[in-house]
């Protein structure tokens, strides 16, 4: 087997395992699993794997409905960014009533111990683009490394609750770990997925996020999708592969950058 889109092959192992784990669960079997990816690069192999896919578009967001190994699956192209991810997730929940949502795709590394082709299973997804800054007068400049991270708030059952990130569903995480040995092209680890509408190439910024917030990787969708899923109490898990490596840190750069945007099947091979 080539390494072409191997992260999606890993995801397929995961989905098949889910189907077996939930055999006989009538209420779940009738509802689909939603699998998200922001770009064609991240979802096209999954769409090909669907039996009798039906393409459905709502506004700017496209979905493919079908089955994988007799498991009802909806593949969602969320488009890039936190607003797109939130909108696509809301539509997926309202239109398809999924029993679980998986957000997967490429990412840039924050943890220097991780390398290209390693996979991070999201124990937690955090919005690391939400900050407040202390007062500085004109002429005193700006220092983003001193900005203070803020929690995300949700109104649940009439109460406004603060979330310092959104945890991956324990059962989905357990199943993902159980099939991790099927993946032979890098490590599979649990970690924190950092989400923001940012393209970070400054190594000090990446180091700060990893040390201050514990982020393993960065991308632009997972925490936003997780937030909407939490509001609807839908089980959710993020899965992210490091797509590129920065030789100075031996870690990934943000996948939405100019190198990653031009990635082809060939460029995903080591």
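Of all residues in region 48-61 being in contact with a helix residue (DSSP H, G or I) (Cβ under 9 Å, 6 or more places away or on another chain) and modelled with pLDDT of 95 or more, which is surrounded by the most Cβ atoms within 10 Å (Cβ to Cβ)? Once the filter is applied, the top-ranked residue is 61.
Within region 185-200, if we keep just the residues that are closer than 24 Å to residue 61 by Cβ and surrounded by 19 or more Cβ atoms within 10 Å (Cβ to Cβ), the residue that is farthest from the chain's Cα centre (by Cα) turns out to be 196. The condition (being loosely packed, with under 15 Cβ neighbours inside 10 Å and in contact with a helix residue (DSSP H, G or I) (Cβ under 8 Å, 6 or more places away or on another chain)) is satisfied by just one residue among 121, 145, 203: 145. Scanning region 219-244 for residues that are closer than 14 Å to residue 78 by Cα and surrounded by fewer than 24 Cβ atoms within 10 Å (Cβ to Cβ) yields a single hit, 228.
Counting only residues that are modelled with pLDDT of 95 or more, give me the strands (runs of 3 or more DSSP E) lying completely in region 141-234 with at least 3 of them. Show your work before the answer.
Working: elements: 152-156, 159-163, 188-195, 215-219.
So the answer is 188-195, 215-219.
Would a scan of region 77-84 turn up a residue that is buried (at least 17 other Cβ atoms within 10 Å of the Cβ), in a strand (DSSP E or B) and either modelled with pLDDT of 95 or more or within 21 Å of the chain's Cα centre (by Cα) (or both)? There is at least one residue in region 77-84 that is buried (at least 17 other Cβ atoms within 10 Å of the Cβ), in a strand (DSSP E or B) and either modelled with pLDDT of 95 or more or within 21 Å of the chain's Cα centre (by Cα) (or both).
For residue 156, the test of being surrounded by 13 or more Cβ atoms within 10 Å (Cβ to Cβ) and over 24 Å from residue 112 (Cβ atoms) is failed. Look at residue 172 and say whether it is touching a helix residue (DSSP H, G or I) at 6+ places or on another chain (Cβ under 9 Å), in contact (Cβ under 8 Å) with a residue 24 or more places away in the chain, surrounded by fewer than 22 Cβ atoms within 10 Å (Cβ to Cβ) and more than 19 Å from residue 109 (Cα to Cα). The answer is no for residue 172. Scanning region 208-217 for any residue that is over 12 Å from residue 128 (Cβ atoms) and in contact (Cβ under 8 Å) with a residue 40 or more places away in the chain turns up nothing. Determine if region 12-29 includes at least one residue that is modelled with pLDDT of 60 or more, surrounded by fewer than 17 Cβ atoms within 10 Å (Cβ to Cβ) and part of a loop (DSSP other than H, G, I, E, B). Checked against the condition, which is being modelled with pLDDT of 60 or more, surrounded by fewer than 17 Cβ atoms within 10 Å (Cβ to Cβ) and part of a loop (DSSP other than H, G, I, E, B), region 12-29 yields no hits at all.
Flag set for residue 88, criterion: farther than 24 Å from residue 175 by Cα, part of a helix (DSSP H, G or I) and touching a strand residue (DSSP E or B) at 6+ places or on another chain (Cβ under 6 Å).
The values are calculated or read from the model by the stated rules, or taken from the named source; none is laboratory data. Here the structure is a predicted model, which means the values were calculated and not measured. Backbone-built Cβ (ideal geometry, glycine too); neighbour counts: all protein chains shown.
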